[in-house]
Amino acid sequence: MALRDTAPPEAAGPRPLAAPALDPADRARLLSGAHHDPHALLGAHPVAGGVLFRALRPFADSVSVVVGGTATPLASEEDGLFAAVLPLDEVPAYTLRVAYDGDPREVEDPYRFLPALGDLDLHLVREGRHEELWRALGAEPMTHEGVAGTRFTVWAPNARGVRVAGDFCCWDGTAFPMRSLGAAGVWELFLPGIGEGTRYKFEITSRHGGRFLKADPMARRAEVPPDTASIVHASHYTWGDAEWMAHRGDVPVHRAPFSVYEVHLPSWRPGLSYRELAEVLPAYVTDLGFTHVEFMPVAQHPFAGSWGYQVTGFYAPTARLGTPDDFKYLVDALHRAGVGVIVDWVPAHFPKDDWALARFDGDPLYEPGDARRAEHPDWGTFEFDYARTEVRNFLVANATYWCEEFHVDGLRVDAVASMLYLDYSRDSGQWEPNVYGGREDLAAMAFLQEMNATVYRRCPGVVTIAEESTAWGGVTRPTDSGGLGFGLKWNMGWMHDSLQYMAKEPVHRKYHHNEMTFSMMYAYSENYVLPISHDEVVHGKQALVSKMPGDWWQRRANHRAYLGFMWAHPGKQLLFMGQEFAQGAEWSEAHGPEWWLLDPGYASAGDHRGVQDLVRDLNALYRSTPALWERDTDPAGFRWVLGDAADDNVLAFLRYGADGGPLLAVSNFSPVVRHDYLLPVPGEAPAWEEVLNTDAARYGGGDVVHAEPVKTANGELTLTLPPLATVWLRPSSV
């Protein structure tokens, strides 16, 4: 609280009168933290004979009211209550003089202020339509009625009472009960003198009589775990990415290059803060040519081993790496380097920590009241109640918050399938069908549609990406056509099938050839991203290079050939950190990528640097070749050249740009050189030049390459296919 070090001397003034006693029921509710309107009991109020002043200051020696420089003592009513009636005609401007252990300080009275939240905000909260909810709820430093302080607001409709507790009152909220603002279920209190950096929680008294401390669901900053308090925050960051923001939406993402490097920020370079990462991550990403980074969840989470997928602070970047403004600095640095930023967003569930969202006001609030719907059977967490307007508003506003406040360019939505199906991971009898008798969660569908429509309307240039692992129709179809409205969808089918194929010994691959071709049967049903994500390189699944069969040379060759195939295949691509240099060990959040594999002193560093060089060249060629991204969602942008050569383990296809310019991709997934291999390319070009060969010596291959353009004859191209390699060719001017 704001204090004045020198208090005015008590002076002779109007003789105070005894205050009328509080109604015993009101007194009991006030002192127990269960009163809905403490402002009606505390502060200054006209009464018969003058103005009644009453203050609640537990442990104070004395309290006086200061009017016009004159301090008049208030009489103790016990239990920290002090009151008196001054013979005044109207409520004056006043402060309180409060003494603890004989040390008097002058402070503003929180209970003399009108509500600092407007009727329109309350209406929008109640309707579930407040698209800037973070400006209405939470802790907002502000000047109110000419006094600097912080407005605290929280949605807790089932609570009997709510108080603010923090480091400014030794975590005893007795002196700071909040008022209910009516049917919206919002509680409010303006605390003068409280500013940025203050730690706080809400002390909630439930309708069942329980009392507990809860972190602010809308907190924009939080303590470093294992501490769990919220922190009053206001941003002072000045952005430097105006040019990026102005042009990021110039070309729709499905018609633009989109190559994503997935990063777990705490372990990419362990020990680095947001600002320290800003000095190295943009340079690394731009050197390798990725267009975007995707951060695994950066929202506040208590358990580091969850990788961020068990969120307790949806509006606060994790404090482990710095402040919210520090995170903005990192995003800004990436934008100024020409790199887009996607963040993983987790609206599918939240953990049961008793200080967070779970049973927030003593009853199910953010989670459904039906126990069959409330708990997620796989993760030991709660699911959100998507049918509740305020909960849906909390999540929709959160999506726009990250895009608007932190300038992120995309949201990858985690575990969408678990939201869409009422019977997800549930047996018969553990779920209830929807009103039509189906298993689709209609409320979750409506939420996702609203979220996508709102984000795309408010944030031009932003893309939303669904991790949806089933064949749900219309994930990337616009909402006005009945779709969910996502911009892109992870192609989990392609990932599963292609990795299963690559894990086979080459002699057996001919029996699984369809696993590499089947994706083209549905490639244009959605707008796809091809993901080799963190999920594929942990928990015994092995790193990408270690999934491959054969000796070390063959595993690396398979790895390189697969990346060449992936970058040429229709769809955008995503690669998890460490896989760009063929790290052999599974990823661990404890130590991150094995950067030492690239050290010049390491005997096999060249092997890993060769794969890294390939990724750099793949991205460079990809970005400069419109045929690889311009018609990703147009079937006319693809044509099989050879899709049935199962016995040879060979795949060949053409990609076309908007101007018809082709690129030919040929993959030989057998460990033998195939000489004089004929490919039918009628009418495409008289000659083709090799622009990429994953078998090149600089990548660690055997260097079976085509140094000169290869001419077509009779509509056929005769190539020498290197073993376990992918070759890209384009028409030659020779």
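So here's what we get for this one:
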read-out: Shape category assigned to the chain from the gyration tensor of Cα positions, a/c cut at 1.5; value: prolate
read-out: Listed peptides 592-605, 293-306 by packing density, highest first (mean Cβ within 10 Å); value: 293-306, 592-605
read-out: Of all accessible heavy-atom area on the chain, the percent that carbon and sulfur account for (1.4 Å); value: 51 percent
read-out: Reciprocal mean inverse distance between Cα atoms of segment 230-383 - Kirkwood radius, Å; value: 17.3 Å
read-out: By accessible area with a 1.4 Å probe, ligands and nucleic acids excluded, highest first: order of Asp354, Asp441; value: Asp354, Asp441
read-out: Cβ-derived FRET efficiency at R0 25 Å, Arg457 paired with Ala636, nearest 0.05; value: 0.25
read-out: Histogram of C-alpha separations across segment 48-116, 10 Å bin width, %; value: 21, 55, 22, 1
read-out: Compactness index (Cα Rg / 2.2 N^0.38 Å), segment 132-269; value: 1.36
read-out: Radius 12 Å from Cβ of Leu30, net charge of other residues (Lys, Arg +1; Asp, Glu -1); value: +1
read-out: Total lysine pairs under 17 Å (Cα atoms) in the chain, excluding pairs fewer than 8 apart on one chain; value: 5
read-out: Inter-label distance, nm, simple model (7 Å from Cα along the C-beta direction), Asp250/Leu114; value: 4.9 nm
read-out: Relative contact order computed over segment 360-415 (Cα-Cα under 8 Å; 6+ residues apart), in percent; value: 19 percent
read-out: Per-residue HN-Hα couplings for segment 242-255 [Karplus 6.51, -1.76, 1.60; θ = phi - 60°; Hz; x = Gly/Pro]; value: 4, 5, 4, 5, 5, 10, 5, x, 4, 10, x, 4, 6, 10
read-out: Coordinate range along principal axes, alpha carbons of segment 1-150, Å, largest first; value: 54, 36, 32
read-out: Nearest-20 debye value, the chain charge dipole, Cβ charges on Lys, Arg, Asp, Glu; value: 300 debye
read-out: For segment 560-620: span of alpha carbons on each principal axis (Å, largest first); value: 37, 25, 17
read-out: Cut-off 15 Å between beta-carbons: net charge of the residues surrounding Gly369, Lys and Arg +1, Asp and Glu -1; value: -4
read-out: Percentage relative contact order, the chain, counting C-alpha pairs under 8 Å, at least six apart; value: 9 percent
read-out: Scattering curve values for segment 405-549, log₁₀ I(q)/I(0), Debye with Cα scatterers, q = 0.11, 0.21 Å⁻¹; value: -0.54, -1.26
read-out: Cysteines in the chain that, by Cβ-Cβ distance, have no pairing candidate under 4.7 Å; value: Cys169, Cys170
read-out: Residue-normalised accessible area of the chain, expressed per residue, 1.4 Å probe, Å²; value: 37 Å²
read-out: Calculated diffusion of segment 159-203, Stokes-Einstein form, Kirkwood radius summed over Cα pairs, 37 °C and 0.692 mPa s, µm²/s; value: 296 µm²/s
read-out: By average C-beta atoms within 10 angstrom, highest first, the peptides 470-477, 378-385, 612-619; value: 612-619, 378-385, 470-477
read-out: Segment 444-504, relative contact order in percent, only Cα pairs under 8 angstrom and at least six apart counted; value: 30 percent
read-out: Counting DSSP beta bridges with both ends in the chain, the antiparallel % (nearest 5); value: 75 percent
read-out: Highest average packing first - 361-372, 341-352, Cβ atoms within 10 Å; value: 341-352, 361-372
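The values are calculated or read from the model by the stated rules, or taken from the named source; none is laboratory data. If you're wondering where the values come from, they're calculated on a predicted model, not measured in any experiment. Neighbour counts are summed over all protein chains in view; Cβ atoms, including those assigned to glycine, are modelled from backbone coordinates with ideal geometry. These area figures cover heavy atoms from the full protein model, side chains too; ligands, DNA and RNA do not enter into them. Shrake-Rupley method; radii C 1.70, N 1.55, O 1.52, S 1.80 Å.
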